[in-house]
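Report on the structure given below.
What follows is calculated from the coordinates using simple rules that are stated; it is not laboratory data. Not measured: the values here are computed from a predicted model. No Cβ is skipped: glycine too gets one built from the backbone with ideal geometry, and neighbour counts run over all protein chains shown.
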Amino acid sequence: MKTYFWKKYRVKNTGLALSTLNNRVSFWKPFLLMLPSLITLTLFTIIPFILVLIFSSTYQVGATVYDKGFGLRNYIKLSKDPIFHIAIRNTLVYAILALPISLAISILISSAISFVIKQSFRRFWQTVFFLPYVTSGIAVSIAFAFLFRTSGGFINMLAGKNIQWLDNPNDGNWNAFVVILIRGVWGNLAFQILILTTAMLSVNPDLYKSASIDGSSNLKQFFAITLPSIRKTITFLFTVGIIGSIKTFPLALFDNKPAEAAANSGMSIMLYIFWYVQRGVNGVAGAASLILFLLGLLVSFGLRKLVSLVFFANKKIGEINVIRKIENKTLKRKVVFKI
């Protein structure tokens with residue numbers, strides 16, 4: 001008996017000793033492995049962020065810098081600039097609308113692909129919908145610019161009108177934003193469909209079989225099994241999508257001319273920053289960059305909380321329905337027993 005426990009103790013300790021997680025290593029070994037990432041993070045994230053803080057505190061007119069130090073002149077200038085107001089409007093509305101619309105369409109298309117029986121057809125449709133992702137973004141934007149051109153554009157020919165989509169000089173119009181939104185939604189579909197289809201196909205098929213035996217419809221299975229099973233995937237796509245939405249950069253739609261975007265209410269915050277950097281006014285660009293950073297945090301936190309609340313509410317509703325069914329069955333049994 002003692003021999004058995006001794007062998008078991010030795011095997012357990014040997015396994016723990018061989019485990020990498022339980023072995024202590026010198027600090028320099030993991031540090032050397034992390035060093036390339038730390039250098040990259042410092043050079044391309046931390047140092048640029050410090051430079052943005054410095055630039056945002058310098059007030060500049062032309063090539064002359066008037067004062068240095070933490071000032072608010074650039075922020076005051078942005079608060080009075082109507083072009084920047086339109087840039088904030090376009091960026092926020094785009095971030096709020098583009099991601100939910102593209103995710104909803106992607107979930108529907110992914111559901112349709114995942115229900116295709118033959119695997120060869122699944123791969124075919126995945127490839128078809130993934131093709132826009134490997135297409136040049138500039139080429140896609142130029143194609144959309146031709147589609148929505150005022151004279152001779154396909155959309156206007158189809159509608160039989162001459163709508164000024166990208167060259168409408170009226171202040172605060174939404175025409176250019178509509179094109180930016182459609183182009184953004186279409187561009188996001190490829191990556192989202194590929195990821196969602198893969199996630200849906202990895203859901204345990206036994207769950208669907210059990211639900212079918214219980215008499216659940218396909219719609220109920222979708223909301224009760226599919227969506228909760230791919231919750232982490234949807235959260236990941238939300239995180240990535242929010243970052244991409246806040247950084248929308250529709251330069252190619254306006255023939256690579258930020259001034260045209262400003263004149264036709266098609267400005268975004270990223271395009272506004274590029275416009276001022278191109279003109280050499282780094283102070284205003286730095287202040288706009290900090291505002292973009294804060295808006296990104298705000299929108300990211302808000303949308304992720306909204307998604308969490310939706311999944312939580314769906315879970316609670318499901319639990320309440322199950323409890324009610326159990327209570328109804330219990331009452332029916334009591335009535336039958338009394339009779």
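Quick one: if the Förster radius is 25 Å, what FRET efficiency do Ile105 and Phe301 give, using the C-beta to C-beta distance and rounding to 0.05? If you can, show how the numbers build up before the last one.
Working: r = 25 Å, r/R0 = 0.98.
My answer for the efficiency is 0.55.
Can you tell me how the stretch 189-339 classifies by the Cα gyration tensor, rounded, prolate or oblate, using a/c under 1.5 as the rounded cut?
The shape class here is prolate.
Using a cut-off of 15 Å between beta-carbons, work out the net charge of the residues near Pro169 (Lys and Arg +1, Asp and Glu -1, Pro169 not included).
Residues near Pro169 contribute -2 overall.
Is the shape of the stretch 112-210 rounded, prolate or oblate, going by the alpha carbon gyration tensor and its root eigenvalues a ≥ b ≥ c, with a/c under 1.5 for rounded and a/b larger than b/c for prolate?
Working: a/c = 3.03, a/b = 2.71, b/c = 1.12.
It comes out prolate by the Cα gyration axes.
Report, ordered by chain and residue number, the aspartates and glutamates lying within cross-link reach of Lys325, taken as a straight Cα distance under 16 Å and ignoring same-chain residues fewer than 8 apart.
Cα-Cα hits under 16 Å: Asp214.
Taking Rh as the Kirkwood radius, which is the inverse of the mean 1/r over Cα pairs, what is the Rg/Rh value for the stretch 209-277?
On the way: Rg = 21.5 Å, Rh = 15.4 Å.
Ratio of gyration radius to Kirkwood radius for the stretch 209-277: 1.39.
Would you please classify the overall shape of the stretch 81-313 from the alpha carbon gyration tensor, given that a ≥ b ≥ c denote the square roots of the eigenvalues, rounded means a/c under 1.5, and beyond that prolate means a/b larger than b/c while oblate covers the rest?
prolate
The stretch 219-267 to the stretch 136-184: how many Å between their Cα centroids?
With the stretch 219-267 and the stretch 136-184 each reduced to a Cα centre, they are spaced 19 Å.
Provide the packing ranking of 287-294, 136-143, 30-37, 237-244, i.e. peptides ordered by the mean count of other C-beta atoms within 10 Å per residue, highest first. Could the numbers behind the result be given before it?
Details: 287-294: 20.1, 136-143: 14.1, 30-37: 9.9, 237-244: 18.4.
Averaged packing, sorted descending, gives the order 287-294, 237-244, 136-143, 30-37.
Any chance you could list the semi-axes, whole Å, largest first, of the equivalent ellipsoid that the Cα gyration tensor gives for the stretch 87-139, using √(5λ)?
On the way: eigenvalues 170, 51, 3 Å².
Equivalent ellipsoid semi-axes, largest first: 29, 16, 4 Å.
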